[in-house]
Every structure is written in structure tokens, then in C-alpha cells.
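Take a look at the structure set out below.
The values are calculated or read from the model by the stated rules, or taken from the named source; none is laboratory data. All figures in this text were calculated on a predicted structure; none of them were measured in a lab. All Cβ positions, glycine included, derive from the backbone under ideal geometry; neighbour counts span all protein chains shown. To get the accessible areas, we keep the full protein, side chains included, count just its heavy atoms, and leave off ligands, DNA and RNA. Shrake-Rupley method; radii C 1.70, N 1.55, O 1.52, S 1.80 Å.
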Amino acid sequence: MSDYQKEQEAARKRQERREKRAERRRRRALKQETASLLDKVALTGAQEKIQDALEAERDDFLERDWYVRTGKAKLRGHRNGYAQSRQVHLAGGSIEVEMPRVIKDGGDFQSGLLAPYQRTSPKVLETLPQLYLYGISTGDFEAALECLLGVGAALSPSTASRLKAKWAEEYEAWQDRPLASHYAYIWADGIYIKVGRNKEKLALLVVMGADVDGRKHLLTLIAGQRESKEQWLEVLHDLKERGVEWIGLAVADGIAGFWSALEEAFPETARQRCWVHMMRNILDKLPKPKQAQARKSLQRIYGAATRAEAKARIARFAESYKAYPPAVKCLVENQDDLVGYFDFPQEHWRHLKTTNPVESPFSAVKSRVKRAKRMMQHWSALGLVFKLMQDQQTRWHRLNAPELVAAVVAGVRYRDGLQVKAA
């Protein structure tokens, strides 16, 4: 093939590609036009139906059709045209309707379909909390809702302010709700969240619990200034006042105030320190060249099949790293609190060794609150955190072998993860 023929072939292929791209653009444009026409038809139909319904309501109120005399019946009023057109925002867009008017004679006429001053369907109002919850700030509502409902359909940013006040009320009611009497496991942690431009972080004392069906629930969420024994006592006493009588195992990191409060409020509850935090604390007390090997040794303790095996490996670790007393002391002094999970079903161990059930959901919450630059008050952040956690709670995984949770609550005993047979 000559150079001229090659150039001609290349030009032909370029032209084919251009034509294909043009055809794809034409199809996309046609599809968009069809979709736009579909929306217009749907909104036109909705407008006609709503207008007909409003006028039917007026006719029912007057108890007579057009040009029909009442006879001896009491006159309830006269048709009086229409009020000024009102724009109503629906889930599929915005329409204009005319509210029928009545000259009062037999009582006030009010529509049951469209309340006075109502301009937004309840379905649209339901989207507002979700828009705000997932990152749309109050000042961004206009742009976001114009995309959904059309130009001029934006709602006042004050709506978001009312939402936050409503969430605060919901939080107060939620915080006072009764709880179950028995929880096999709870996870407790103190979470610090940066709110807006405030210098001090918002401290949240959080307790999560597993019910008899193995489902995790947020039991309490209280704002505080520090993780002291007094504040944790307040949290635990609040759980008692709301019905909690027994807790099988409490999982937390090295919060001294929490463990002291737990000893006072629920002295029979078993203890389990978070292994992730413990390993981090121990490794921080070792030289960097020693950390990789030490981590493997700690992981072998973490993966032990029995309490005796774990204790033996702790002793070997203490001997191997006796040249670093702070690291050895950190492990040995807390060893009893690191093996509490052995007295519970082996199927639950992965949930009981760390405080991840609390920390993982809060990672997304921290990211969302951090972006809320306009949220300056701690009380409004608390409401937002509460709603975010409520939303996430529906997606939390149940404990493995959830049927065993009821056995733990019933008092069945376990040793090294296996059920102890009754004599």
C-alpha cells in the first residue's frame, strides 16, 4: 500500500470516528430531551390532578356543584375565584396551583390536601435532613435544591437551623429512653471531635451494647469536658436508672476513669482492655529497631487459643524484652485485663478484643463534622453526631453466632471460648 493510500485510509477512519462520536452525542441529547419531556408530562399531570382535587374539596365544602341552588338547605358560602398562584415543590419538580377561595358563610374552608402556606411536599422535607446529614451545609441548600426542583425552588437555610433544633429534641428523648436489663457486652470510649473553629474539641462519652439478638446499639452519647471517674460514673449510673442491671463484659482502652467507675457501678462485670491500644502503647516504649519483632510477639499473644497459652507468651515477652522495663511493665501489669475474652464464646472473640465497634463508626462521623465549618456550637454538633450514628446503626454487623449472646445473658459459663458442661 502506497503512502497516499495509507493517508486516505487514515483519513477515512478518522471520519468514521467523528461520525460515531456525533451519533453518540445525538443519542445522548435525544435521551436527555426525552427525559426532560417525561418530567414535564409528569409535572403537568400532577398539576392538573392537584388543581382538580383542590376544586373538588371546595365543592364538597359548599355541598353543591356549579349553578346548583341550595333550596331550603343552609348556604355555606359562595365561590370566590382563586387566590394568587402558589408554587409548590414536589419530589419531581415544582408546579403552580391556584387555591380556590370561598366567601365565608357557613364556616372556614381549608384544604386537606395543601395546608395554608405549605409550599413543599413532605417527601421533599424528608430529604433535607439527609442532605444536611451527608455534607450539604445550610448555605448550599439553594444550589442543591435547584438541581432537584428547578430554579427558584430553594428553601430557606433557616430550615437547617430548625432541623438542628429538632435533632436536639430527638436526642433528649432518645437519651431518656428505657434500656434492656441485661447486656452481654458493652464497648466504651471517649471520642474527641473538632467542631467548626472552636479551639477546644468536643468530648463525647460513648457506650455501645450488644442485645440478646447480637445486634449492636448505641446506648448513650454524652458530651463532657474530660474522661474522669466522676463523668463515667454519671454515664454508668444513667444506664442503671434507665434499666440496665447486668453487664457481662466491658471493653475499653486504658481509660482509668472508666475502669474505676465500672468497679463502683458494676463490680461483677468482667473487664477487657483493647488490644490495639495496648500494642500501640507497648511499641511506643521500645526502640524502633525492636518494634517489628515485638509486634509479631504481641500478635502471637493476641492469637493464643487458651488463657494459659496467652499467659505463657506474655511471660516469654517479658523475659525477651526485660532490658526495656516500661514496655514490659505496661504489658504485665495489665495482663489480667487483656485475657477477659477467654471466658466468653470463641465466636465472639473478634468483637471483644478491641474497641473497634465504637471507633469505626465514629471515623465517618469525625470526617462529616470536621467539614461542617459553619457549625460553631457544640450542642448542634451533638445533634448531628446523634443522627449520623442513628443512621449508621442500621448497617452495623451483628455479632458472629448471635444465638450465643442469649446463652451468655442466661448465665452459661465458658472457659477458653468453649462452653463449660454442667456437672
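I want to confirm something. Restricting to region 222-239 and keeping residues that are among the aliphatic types (A, V, I, L, M) and surrounded by fewer than 20 Cβ atoms within 10 Å (Cβ to Cβ), which single residue is nearest to V251 (Cα to Cα)?
Across region 222-239, the extreme among qualifying residues is L233.
Every residue in region 392-421 that is open to solvent by less than 100 Å² (accessible area, probe 1.4 Å) and either assigned to a loop (DSSP other than H, G, I, E, B) or in contact with a Cys (Cβ under 6 Å, 6 or more places away or on another chain) (or both), please.
Within region 392-421, W396, L399, N400, A401, P402, A410, G411, V412, D416, G417, V420 meet the criteria.
List every residue pair whose Cβ atoms sit under 6 Å apart, with the two residues 6 or more apart in sequence or on different chains, where the first one lies in region 331-346 and is charged (D, E, K, R) and the second, anywhere, is open to solvent by less than 40 Å² (accessible area, probe 1.4 Å) and not in a helix (DSSP H, G or I).
These pairs meet every condition: D337/R273; D343/Y414.
Can you pull out the residues in region 315-339 that are assigned to a helix (DSSP H, G or I), more than 12 Å from L283 (Cα to Cα) and open to solvent by less than 10 Å² (accessible area, probe 1.4 Å)?
F317, L338
Among the residues of region 365-391, what is the count of those that are part of a helix (DSSP H, G or I), open to solvent by 50 Å² or more (accessible area, probe 1.4 Å) and at pLDDT below 75?
6
Taking only region 277-290 into account, find how many residues are in a helix (DSSP H, G or I) and surrounded by 15 or more Cβ atoms within 10 Å (Cβ to Cβ). So that I can check it myself, show each step before the final result.
First pass over region 277-290, keeping only residues in a helix (DSSP H, G or I): 277-284, 288-290.
Remaining after also requiring surrounded by 15 or more Cβ atoms within 10 Å (Cβ to Cβ): 277-279, 281-283, 290.
Adding up the residues that qualify gives 7.
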